[in-house]
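Throughout, read-outs are computed from the coordinates displayed, never taken from laboratory work. On a predicted model such as this, the values are computed, not experimentally measured, just so you know. Neighbour counts are summed over all protein chains in view; Cβ atoms, including those assigned to glycine, are modelled from backbone coordinates with ideal geometry.
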């Protein structure tokens, strides 16, 4: 039995065209409705339902007089003098007509069938094998040697920085650090595919992206040491970097709050018609937060050019994936929000680069959000406050650390192309090490932020109540000099 | 004569306008704030009135904006009061246009949106529906769907979205359908909105306005009768203002939009249909200032939002009983305008706070502490505070009325305090 489906342009396409131009909305078509008919959908704005009618019907089912929805469709028939196209003769039942406002493209069925909890398989895109060789049939992205070498150098510097800063924290030089071991390719290669105008809203493990943008090793050290040269003026914990000139928004500790910020930034970029998108990174654990679902939904509804890059590394501190969500991965979730997605092998730098680059151009040209699930593994502990051997086996850890190192994989590809060799590698490592140690020594020797920075920037200018509080503190410090370190400026 | 004139004004339902416009200054450092021509005219007009002495004050001395804090310049006592004359001059008395409070908010919004293309409104049903209290009615047709953005129902997310947009150059106004729903946005407001300017070292500013109707309405139930000012007052980095009349609603809306800080503008559900005549000229009020509603000698009554109108009702009774209360609408809930309040306390030596917040941890509680700390020597009596009880607002009409401070209670409290 033929089932009537609604045809015609979907409302969202109409809406998008007027939204994209951001101008005054053109007048909606006047509804062709006889005023004497009852309104069966008073809870909906009248323009909505009428517009659907005007664009979707070219055929009226026979037997309409017995249909309970007659009031919405008779007007169309009354006003046209042309014969309606004949319907197929397979016994159209007027009650099969599905026009509930909640769904767009579906039909009735009389089979009592539930939708399975298992989703359609989402394949994982990769182009390099574990040994760094192109996979059969893979189309490698266009990547010049200069770019490839820059990506590799960034990854190595990142690894060395992570290692040294972690050790520094263990030595008590600063209180906290998070490394991104095992995820270097995911972060650096994805950042390499972006432009410098794209605004990054990171979670906390994406220092590689900031490094790619040009954040100096010295600047990293200043932030971790919370000294007076820190752009954050010593107000945030280590690794909570932020740099307006690098378009990297200051990291905020609560998980997934940056997702809605990214949607807002994308909305702002769209209003300004900039050739840029908003990019936000988050982990698998963040997909449980309410903010994730709402931000995804919003981005899809607003048609905002956001890239949601999920570093699915298998662990959220000690919570494994099986306790975090029941869907099969994160990429499959996007369908629920009407969003496009892709699942990528995050340890394959080329695949990540390629996927993010093409997602970015799609996001900007089509003004749509894209979810990119980057599968990887968290070799590091969650942070310096965590000992992951407590909840995962040493074998699993060493397997991923030794056998599945993304940097080594990329290096093999570089060596295969003749762009890199062992000697250059050792040189790079020792050079980075020297630079980082020098940066750390320099940062350590710098003064801490002055007392005056405690009260500035709470508002655009200091109000009197804060001035009062500041004078109170200064009085206390003046009276009890032993309370305040002598080498910290006031 | 003076008291009857004042009484007439109160009965007319037209609140005195605090602070003539010439003395208004924008809180932010932006130099493009319009200076108002109305100011000088109203000052002159006021000074011609018989029976009312008016002195101008140097309002910029409060020190929030670009002007430095200078306490020695503040010798005068009263703020000037722009008063409508009902004696004689009919021409000047009928200037301006009359409108309801929600229309005043809309006027302020429209003017700012016309002036600055980065201003936009984000909220539920703000677009073609015009907002659930019709504040944004007709604006979507004028400014487009992108500037009057209808969002799905996720307060935390659209507040976060506004924060992200603000960091990248827009000036969004977040409309909560009811202030109580903004509790869902508390994470974004407390952890990000108030903080990111500070933690980023001043690199990212968040010039957003969060507004919505709150307060106890007419039998809306407990969840729709929230008073969020008490929950938000602790969050550093936020500014809070409460409007109570169409005049200050429009002025505060404009000031909030122009401010570089995140501002929460508290409106009241029951005040949306308040009618008043407001000036035709453009004016912007100062976010950190209080409004002198009625000058007096006997006692200082501090109030804000809907309670201002309850206080004014009580004042009618008090005046007939021979009291002369000074009524100040504090308007700025964070930070308090301790300058205006202090001047008043120094004059009357007694304070009564009338608020709609819950007793525990409300605005009144903080204000009491601040006054006690700063003006203890000026007080002849303990600071009185009338507030709602620590109960969820009941639905039943008589019960709900009992949770809100009523004028007879205010009269009684004033009488008690004045015995000191």
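Once label points are set 7 Å from the Cα along Cα→Cβ at both residue A:441 and residue A:487, what is their separation, rounded to one decimal in nm?
Once both label points are built, they end up 1.5 nm from each other.
Give me the log10 of I(q) over I(0) for the stretch A:283-333 at q = 0.18, 0.23, 0.29, 0.30 Å⁻¹, as the Debye formula computes it from C-alpha points; what are the numbers?
Values, matching the q order: -0.58, -0.88, -1.20, -1.25.
Could you give the nm distance between label points at residue A:474 and residue A:326, where each point is 7 Å from its Cα heading toward the beta carbon?
Those two pseudo-labels are separated by 6.1 nm.
Using Cα pairs under 8 angstrom and six or more residues apart, how large is the relative contact order of the stretch A:213-286, in percent?
Values: 68 pairs, mean separation 12.9, N = 74.
Relative contact order for the stretch A:213-286 comes out at 17 percent.
For peptide B:260-271, what's the mean number of Cβ atoms from other chains within 10 Å of each residue's Cβ?
Working: counts 3, 5, 1, 0, 0, 0, 0, 0, 0, 0, 0, 0.
If you average over the peptide's residues, the count of other-chain Cβ atoms is 1.
In whole Å and largest first, what semi-axes does the C-alpha gyration tensor of the stretch A:154-247 yield when each eigenvalue is scaled by 5 and square-rooted?
Working: eigenvalues 85, 54, 19 Å².
In descending order the semi-axes read 21, 16, 10 Å.
Cα atoms only: what Rg and Dmax, in Å, come out for the stretch A:282-382?
Every Cα atom of the stretch A:282-382 included, Rg and Dmax give 13.3, 40 Å.
Given contacts defined as C-alpha pairs under 8 Å and at least six residues apart, what's the relative contact order of the stretch A:125-449, whole-number percent?
It comes to 26 percent, rounded to a whole number.
Sorting check: for A:255-262, A:427-434, B:271-278, A:481-488, which peptide has the highest mean count of neighbouring beta carbons within 10 Å, and how do the rest follow? Each step should come with its number before you reach the end.
Values: A:255-262: 28.4, A:427-434: 14.1, B:271-278: 18.2, A:481-488: 9.1.
Averaged packing, sorted descending, gives the order A:255-262, B:271-278, A:427-434, A:481-488.
The stretch A:349-490: Rg/Rh from Cα coordinates, Kirkwood Rh?
On the way: Rg = 25.2 Å, Rh = 21.8 Å.
With Rh from the inverse mean 1/r over Cα pairs, Rg/Rh is 1.16.
Could you give the alpha-carbon Rg of the stretch A:430-480 over 2.2 N^0.38 Å, rounded to two decimals?
Values: Rg = 17.7 Å, N = 51, 2.2 N^0.38 = 9.8 Å.
Normalised Rg, Cα atoms only: 1.81.
So how far apart, in nm, are the two label points at residue A:389 and residue A:431 if each is 7 Å from Cα heading toward Cβ?
3.5
How many times 2.2 N^0.38 Å is the alpha carbon radius of gyration of the stretch A:99-232?
Details: Rg = 22.3 Å, N = 134, 2.2 N^0.38 = 14.1 Å.
Against the compact-globule rule of thumb, the ratio is 1.58.
Once R0 is set to 30 Å, what does the formula 1/(1 + (r/R0)^6) return for the Cβ-Cβ distance between residue B:153 and residue B:218, expressed as a FRET efficiency to the nearest 0.05?
Values: r = 24 Å, r/R0 = 0.81.
The formula returns an efficiency of 0.80 here.
First check a/c for the stretch B:293-364, with a ≥ b ≥ c the square roots of the eigenvalues of its C-alpha gyration tensor; if it is under 1.5, answer rounded, and if not, answer prolate when a/b is larger than b/c or oblate otherwise.
Numbers: a/c = 1.99, a/b = 1.28, b/c = 1.55.
Judged from the Cα gyration tensor, the stretch B:293-364 comes out oblate (a/c at least 1.5, b/c at or above a/b).
When a/c is below 1.5 the answer is rounded, else prolate if a/b is larger than b/c, else oblate, so apply that to the stretch B:367-417 with a ≥ b ≥ c taken from the square roots of the Cα gyration tensor eigenvalues.
Numbers: a/c = 5.43, a/b = 2.01, b/c = 2.70.
It comes out oblate by the Cα gyration axes.
Quick one: check the C-alpha center-to-center distance for the stretch B:250-312 versus the stretch A:415-490, whole angstrom.
Taking the Cα centre of each part, the stretch B:250-312 and the stretch A:415-490 sit 43 Å apart.
FRET efficiency for residue A:402 and residue B:376, Cβ-Cβ distance as r, R0 = 51 Å, nearest 0.05?
Efficiency for this residue pair is about 0.15.
I'd like the mean, over residues of B:163-176, of how many other protein chain beta carbons sit within 10 Å of each residue's own Cβ. Intermediate values should be presented prior to the final figure.
Values: counts 8, 19, 11, 4, 9, 16, 6, 7, 0, 3, 0, 0, 0, 0.
Shielding by partners across B:163-176 averages 6.
Taking each residue in B:199-212, count the Cβ atoms of any other chain within 10 Å of its Cβ, then average. What number comes out? Please list the in-between numbers first.
Working: counts 13, 15, 16, 9, 11, 5, 3, 0, 1, 1, 0, 0, 0, 0.
Average per residue, whole number: 5.
Can you pull the Kirkwood radius for the stretch A:125-449, inverse mean 1/r over Cα pairs, to one decimal in Å? Display every interim value, and only then the final one.
Numbers: mean 1/r = 0.0503 Å⁻¹.
When all Cα pairs of the stretch A:125-449 are included, the Kirkwood radius is 19.9 Å.
Quick one: grab the alpha carbon gyration tensor of the stretch B:132-219, order the square roots of its eigenvalues as a ≥ b ≥ c, and give me rounded if a/c is under 1.5, else prolate or oblate depending on whether a/b is larger than b/c.
oblate
Just want to confirm a number: the relative contact order over the stretch B:273-342, from Cα pairs under 8 angstrom separated by 6+ residues, in percent. Each step should come with its number before you reach the end.
Working: 89 pairs, mean separation 30.8, N = 70.
Dividing the mean separation by the residue count of the stretch B:273-342 yields 44 percent.
In nm², what is the average projected area of the convex hull enclosing the Cα atoms of the stretch A:190-286? List each step's numbers first, then the result.
Numbers: hull surface 24.4 nm².
Mean projected area of the Cα convex hull: 6.1 nm².
Taking just the C-alpha trace of the stretch A:376-420, give me its Rg and Dmax in Å.
Values for the stretch A:376-420 (Cα only, Rg and Dmax): 13.9, 42 Å.
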